[in-house]
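First comes the structure, then the notes that go with it.
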Amino acid sequence: MKSPQFTPGPWRTNTSIHPDDQVFSQTDEIIADCKWTNHIPKTREANARLIAEAPDLLAQLIDARDLLYVIAHQGNDSVLMTHIGQYDDAIKRATGQ
């Protein structure tokens, strides 16, 4: 799998100089700006928090997929292999592969 092309995490919201409805990289680069949507402020902030967790969620999904792959092959578990395929598809969509 090739390296992801997105800005490395961690990403964050709620910095001392930025509002909660924006997402920033470690270097204060804007990753996402949710303030320009028609949603109420709490929804914009929730969307920003979810976006900010994307790099960690992707890393955790990759780790879980790798662990399940080992477990599935030890027991020849076709049900787990189906889930692993779904995880692979999600990872590919997230990384543009």
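All of the numbers you see were taken from the coordinates with simple rules; none came from a lab. Everything quoted here is computed from the prediction, not taken from an experiment. Backbone-built Cβ (ideal geometry, glycine too); neighbour counts: all protein chains shown.
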Listed candidates [x] 13.3, 43; [y] 15.0, 40; [z] 16.8, 52 - label of the one calculated as Rg and Dmax of the Cα atoms in Å: [z]
Distance between modelled label sites at residue 83 and residue 36, nm, 7 Å Cα→Cβ extension: 4.0
Cβ-based charge dipole, the chain, positive-most Cα from 80, 47, 5: 47
About the Cα centre, charge dipole magnitude for region 9-52 (Lys/Arg +1, Asp/Glu -1 at Cβ), debye: 160
Pair residue 57, residue 7: separation of 7 Å Cα→Cβ label points (nm): 1.8
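In debye, nearest 20, what is the charge dipole magnitude of the chain about its Cα centre with +1 on Lys and Arg Cβ and -1 on Asp and Glu Cβ, if you could check? Mind dumping the intermediate values first?
Working: 9 positive and 13 negative charges, 37 e Å.
For this selection, approximately 180 debye.
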For residue 31, residues with placed amide H under 5 Å, excluding near neighbours: 23, 24, 25
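Scan the chain and note any complete DSSP helix (H) whose C-alpha atoms cover at least 24 Å along its axis and whose Kyte-Doolittle average is -1.0 or more.
On the way: long enough: 54-75 (31 Å, 0.50); 78-95 (25 Å, -0.19).
What comes out of the filter, once short or polar helices are dropped, is 54-75, 78-95.
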Residues 53, 29 arranged by fewest to most Cβ contacts within 10 Å: 29, 53
Three-way shape call for region 56-95 based on the alpha-carbon gyration tensor, with the a/c threshold at 1.5: oblate
